[in-house]
Structures are given as C-alpha cells and as structure tokens.
1. Scan the range 72-82 for residues that are within 15 Å of Ser141 (Cα to Cα) and surrounded by fewer than 21 Cβ atoms within 10 Å (Cβ to Cβ) and jot them down.
2. What's the total number of residues in the range 116-144 that are touching a strand residue (DSSP E or B) at 6+ places or on another chain (Cβ under 8 Å), more than 17 Å from Asp78 (Cβ to Cβ) and either exposed (fewer than 15 other Cβ atoms within 10 Å of the Cβ) or at pLDDT 90 or above (or both)?
3. Of all residues in the range 21-40, count the ones that are more than 15 Å from the chain's Cα centre (by Cα) and not small (Gly, Ala, Ser).
4. Go through (1) in a helix (DSSP H, G or I); (2) in contact with a Leu (Cβ under 9 Å, 6 or more places away or on another chain); (3) without any contact (Cβ under 8 Å) to a residue 40 or more places away in the chain; (4) buried (at least 19 other Cβ atoms within 10 Å of the Cβ) for Pro94 and report which single condition fails.
5. Give all pairs with beta carbons closer than 8 Å in which a residue from the range 100-126 that is more than 14 Å from His50 (Cβ to Cβ) meets a residue that is among the small types (Gly, Ala, Ser) and surrounded by fewer than 16 Cβ atoms within 10 Å (Cβ to Cβ); count only pairs at least 6 apart in sequence or on separate chains.
6. Yes or no: Pro64 assigned to a helix (DSSP H, G or I) and surrounded by 20 or more Cβ atoms within 10 Å (Cβ to Cβ)?
7. Just one of the numbered conditions (1) under 14 Å from the mean Cα position of the chain (by Cα); (2) aliphatic (A, V, I, L, M); (3) assigned to a helix (DSSP H, G or I) is not true of Val69; which one?
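The values are calculated or read from the model by the stated rules, or taken from the named source; none is laboratory data. All of these numbers come straight from a predicted model, not from anything done at the bench. Reconstructed Cβ throughout: ideal geometry from the backbone, glycine too, with neighbour counts over all protein chains shown.
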Amino acid sequence: MHWDAILELLSERRNFLEAVVFSGGEPTGQAALPGAIRAVRDLGYQIGLHTAGIFPGRLADVLPLVHWVGLDIKAPFDARYDRITGREDSHEAPAESLRLLLASGVPYELRTTVHPELLTPSDMENLSQSLDSLGARPTKSQPFRPDGCADLELLGDTLPA
C-alpha cells in the first residue's frame, strides 16, 4: 500500500482504532520513521514500536514520539548474542537501545524468544540478572516457533518426517 492510502485508512478508522504499532522487519531501519510516526500521531493515535534495538540513534530520535516500546532482547549482552545473530559485537547496539529506553521513561516490554539449542536456563538466568542490574523489568520469554524459519539447523526436530 502507498503511504497516503494508509493514512487515509487510518483517518477513516479513528473512531474504531486507538493505536498503531510500527513493527518490522526493523522499523528503525527506515529513515522516514519519525515523520510517519508524527503523521499518525497527528491523527490522534497512540503509538507503539516493536524493535530489536539495532539502530540506537534512530530509536533515540523516536522515543519522544512513542507511547510504548516492545524491545526484543535476544540473549545476554555478550558473545551469546553474537551466536544468535551471527554477527560480531551485535549485542552492543541493543544494549545501548535498552539504556536509552530505560532513561526515556517510555513504558516498555522486553521479550526474548527462547530456542532450547540457543538459550539455556542458565543463559536466561544470566539475562535476568543483567537486566535487573540495569534497573529493567524482566524479559518475557516466548517459545521459538518454527513457522517461517529458513534455518534447517534451528528447525531440528520440528521438521515433519
């Protein structure tokens, strides 16, 4: 859909909808995100944002514009994060995003998808302690779901015989 059509639809739905959540892919990867949020706010909507926190600078730009953030925390902020993302030092940007989020005062929810081959109970305990030391609420664990996963190694026993 073209953006103008989305705004028109949202304008028509003002009496039926209360909020709009910007989600991904990764919405903070879009340079137009602040303007899009402003346009939707101008229609009277509350704004939510789902993000993995990989662009902390862009997150900082939109934090004053949002009413709630769902931040995906993949693992403790160390090499375990890198193992999950497959990218070296990938834990640094989400850790900075979490610090920005906590300092902003914007209501939030932290979420971690738990795949038993990638995160052990010990990893989750370490993550909880790390979040607690930062003053963050605990993450909400959600189980890995194989739908849409293209990594055969991660699918493991979930593949049909």
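1. Asp72
2. Here the count works out to 6.
3. Total satisfying the criteria: 4.
4. That leaves (3) as the condition not met.
5. If the second residue must be among the small types (Gly, Ala, Ser) and surrounded by fewer than 16 Cβ atoms within 10 Å (Cβ to Cβ), the pairs left are Leu102/Gly135; Val114/Ser141; Glu117/Gly156; Met124/Ser141.
6. no
7. Val69 satisfies all of (1) under 14 Å from the mean Cα position of the chain (by Cα); (2) aliphatic (A, V, I, L, M); (3) assigned to a helix (DSSP H, G or I) except (3).
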